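Accompanying notes for the structure given below.
Values in this text are rule-based calculations from the coordinates and carry no lab data. On a predicted model such as this, the values are computed, not experimentally measured, just so you know. Methodologically, a virtual Cβ is constructed for each residue, glycine included, from the backbone with ideal geometry; neighbour enumeration extends over all protein chains shown.
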């Protein structure tokens, strides 16, 4: 068992290539509380292209005009990866997926229907015969539009393998180019999944002529292991999401799959085409835009994944890195960027620094970023690449027309309740002040904003995280609010936690209000779902 | 593949019993930034006993007087599980471990030495012969003191299997009762680990007469899967930690192992003795005391592990729970406690509520808790079991003599820098005021505390999390500070984030100061480490 170091991009080409199918923007975005707008989805898709994933599942176009537009924008703008849209087996779904992805250079439609009796009986409330008919019709319809069609028998791991094989055979007859086996509820075990896939190969010999894919959920902590078992059983595509986000306990974590195959590629003769040095940044971007924090002990991208606390271990690392490290932190893009700007850095230096980080900013966007940079540089001795990344991500967020924060003032004390005053510009024009005495200073600010905006908003979620390190770290606040049953999410970044919270809250209010307005135009659309 | 529901405690007894060896207080506590005091470790150990783990690895007694005392206190107070102390193969280590655990009703010593050449050459800087001699001596010494001795060939998965087998044979000859195979650097893969263990059984037939244990790290995201592969290969003990904390990416997650075996026990004929309804609370307690947040998509104990966002899925769940749920949230102790107190609840009601939650409070401790409860009840309409749990955990923390917060006042505004004034009681008696104008309100409070305490403390870590839900949620702040190279951690809970931060900071200062005082008495002690 050799412990070979792993360069960021594969050098050898004789290894079998495993495709990375990223579903961060589809299954990941279906996580509770996550609500990405078009601009945020585009930003993530561009980063996924930079990371080198093979396929981006950009969304589920039938579910809302917003999702359709986001998939379409990604199909039009993002070059490199295949851009895929999800569709149930209905005609409208497949049409919507096609219309959303058709402008991509490499479009794909992914259609699915359950083959487990528990789903067929209780959720679809139909028969096995009907499922076969629907699968045939959907794949055939998609093939009229394009070449690249993926089919998934949903909940396959709880389905009868013989019936699932029949449905797969139908999809292949109609021309499906990828067959994806989902463990929809995260129930299977590696040895069981291996046996299931082996049996499918026996029952459907044609399966060897297309790409077999796996899509695993982490409910029992086995998503990565089951995906890996799938690869060892013959799958050459893994569906996964950045930071392992997704329904419930989420999907297989993209970064873990990639670094597992990379680190052990000499032993398993397989690898992906991902540029692993972009993993850390991709993880930070997704965490920031979704508000989903990554726990410190998360493999690969957690804050401590490469940190050694114990004395013996530290000692070992100093003596010989490989005693306790099987990967180099620079391989996943940690510690690589030592770029630092200060308060005297000019617009040019900022643009160069941003360019080096992959952000192309000019004109008004650069002006806005520079103004924000100067504000932060006045407060911090050094502005690092991480700070810049957070600020630019914050500024690049699509401005939702609605409320905006003008100023706030807060007095907090252990000896009396905190008091806040705020001024907010209103969507209908003009501005209004509000004040409140609350439980805590942030609570007081939120309620003062409610008073100024004359809304009865309810705070549903509130998370704070430090973006960067040290005494003058940038903090980021994510909030989810609800107005009259419409929820909205917002984030804010600042060295001042109250400032960050107020920015986040006002943005969330604007999003919730925009949705309330939009919902009048969009009654009766289906809710999102998927394998 | 049946999808059977899982009652919290196993009903059938014919299944093979897999022992749960919890290393939260040893490997988990070695995570960067975690620093639990004696009282906190005791609290966790009591909860682990309530959870029903088989073995508690309580610490590494040789590494510091504090760790020794914590292990000793747990050995004396905590009933039910075996209490185990870790020791390298040196005589002093084994003596320290023995002295720490000897007062337990069921003591155990766990000793280890590396069998991989990379460790033997680079870290131990010795020979294979010497390793064999050390293993023999340590197990023999431990056996003089007690019956129950566990031996681990550290870094076994990167070691030559034949040499590892030789060392294991020696440990067995000297009477080791458990042999634990660590994947110290998280490098192995399930199929490889299975083969390794199979080969060990071939080489060491006597291994069948003792308990085989596995200890896996999550660097490639496979800790649970490798542990599970170990169980399928014959292991009847899994070493794991609550929330999967531990060195780098951490250990196998206890709750995932337990619920994997429980959920699939009908198929694998194995189970643990854990009372799964205590999992959620155990997770919250460990997260709170370590300051390590659990990500929302963490399997079993993440906030969203049982949440269904997508419309199709929600629809399915409404129609038939098993369409998308393989476990019931109540099985892991979520949503089970609907207990609520209000501002008119008396001391008696509080004590009863706490008792129901497993906290036995009387006398002064009850008075303190009641005072704190009343403060919160004045601010919140309803005080839930989660609130109480957080408050009691906060109050039960051992008071470190040192600084204490008297009061604070902060003014924050978007139009000028925030200003803070504080008053702090000093360890030498009396109190002092300080003030500061900082980057953010919390930064200003921290620096004002520094000024009042006349210390030059550096903030190393700062995390904020919401303990409970809703607009008036309790927030918790964890900080790590450093004074003259001595670090200290502190936590604070409050509805006011600044109040929580100030409490946490003052506690951290007191801890760092206590350590600085203690370090003068304890030069030359080894640093912690382990498999």
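Summary of computed values
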{"read-out": "Taking B:48, A:334, A:232, A:289 and counting other C-beta atoms within 10 Å, the order from fewest to most", "value": "A:232, A:334, A:289, B:48"}
{"read-out": "Inter-chain shielding of B:244-255 (mean C-beta neighbours from other protein chains, 10 Å cut-off)", "value": "5"}
{"read-out": "Translational diffusion coefficient (Stokes-Einstein; Kirkwood radius from C-alpha pairs) of the range B:70-179 at 37 °C, 0.692 mPa s, in µm²/s", "value": "234"}
{"read-out": "Global geometry of the range B:252-312, whether rounded, prolate or oblate, following the gyration tensor of its Cα atoms and the 1.5 cut on a/c", "value": "oblate"}
{"read-out": "Spin-label model distance (nm) - residue A:15 vs residue B:516, 7 Å beyond Cα toward Cβ", "value": "5.0"}
{"read-out": "Quotient of C-alpha Rg and 2.2 N^0.38 Å, computed over the range B:169-295", "value": "1.10"}
{"read-out": "Burial ordering of B:517, B:161, B:455, fewest other beta-carbon atoms within 10 Å first", "value": "B:517, B:455, B:161"}
{"read-out": "Between 0 and 90°, nearest 10: helix A:441-453 axis offset from chain A longest Cα axis", "value": "90"}
{"read-out": "Peptide A:181-187, shielding by other chains (average Cβ, 10 Å cutoff)", "value": "4"}
{"read-out": "Approximate shape of the protein assembly as shown as ellipsoid semi-axes (Cα gyration tensor, √5λ), whole Å, largest first", "value": "41, 40, 27"}
{"read-out": "Efficiency of FRET between residue A:147 and residue B:76 - r from beta-carbon atoms, R0 56 angstrom, step 0.05", "value": "0.20"}
{"read-out": "Between helix B:38-51 and chain B: long-axis angle, C-alpha atoms, 0 to 90°, nearest 10", "value": "60"}
{"read-out": "Axis-nearest residue of B (beta carbon) for the B-onto-A rotation, whole Å", "value": "B:225, 1"}
{"read-out": "Shortest-first distances to equivalent copies, position residue B:517, nm, label 7 Å out along Cβ", "value": "6.2"}
{"read-out": "Computed P(r) (all Cα pairs; the range A:82-131; 10 Å bins; percent)", "value": "26, 38, 25, 10"}
{"read-out": "Nearest-first distances (nm) between copies at residue A:121, label 7 Å from Cα via Cβ", "value": "6.2"}
{"read-out": "Mean Cα-pair separation over length for the range B:407-465, i.e. relative contact order, pairs under 8 Å, 6 or more apart, %", "value": "28"}
{"read-out": "Residue-averaged 222 nm ellipticity for the protein assembly as shown, from DSSP H runs of 4+ at -39500 (n - 2.57), nearest 500", "value": "-12000 deg cm²/dmol"}
{"read-out": "Mean Cβ count within 10 Å, highest first, over the residues of peptides B:365-376, B:95-106", "value": "B:95-106, B:365-376"}
{"read-out": "Shape category assigned to chain A from the gyration tensor of Cα positions, a/c cut at 1.5", "value": "oblate"}
{"read-out": "Ranked list, fewest to most other Cβ atoms within 10 Å of each Cβ, for A:419, A:344", "value": "A:344, A:419"}
{"read-out": "Within 10 Å of each Cβ in B:188-196, the average number of Cβ atoms from other chains", "value": "4"}
{"read-out": "Where labels lie 7 Å past Cα in the beta-carbon direction, separation of residue B:374 and residue B:355 in nm", "value": "2.2"}
{"read-out": "Under 15 Å from the residue B:203 label point (7 Å along Cα→beta-carbon), backbone N, the range B:125-161", "value": "B:128-129, B:131-132, B:152-161"}
{"read-out": "Rel. contact order, % - alpha carbon contacts under 8 angstrom, at least six apart, chain A", "value": "13"}
{"read-out": "The range B:91-205 - percent relative contact order, Cα under 8 Å, separation 6 or more", "value": "27"}
{"read-out": "Label geometry 7 Å along the beta-carbon vector: residue A:206 inter-copy distances in nm", "value": "6.0"}
{"read-out": "Cα-based helix-to-principal-axis angle, A:385-396 vs chain A, degrees rounded to 10", "value": "90"}
{"read-out": "Gyration tensor (alpha-carbon) shape descriptor, the range B:12-52, a/c threshold 1.5", "value": "oblate"}
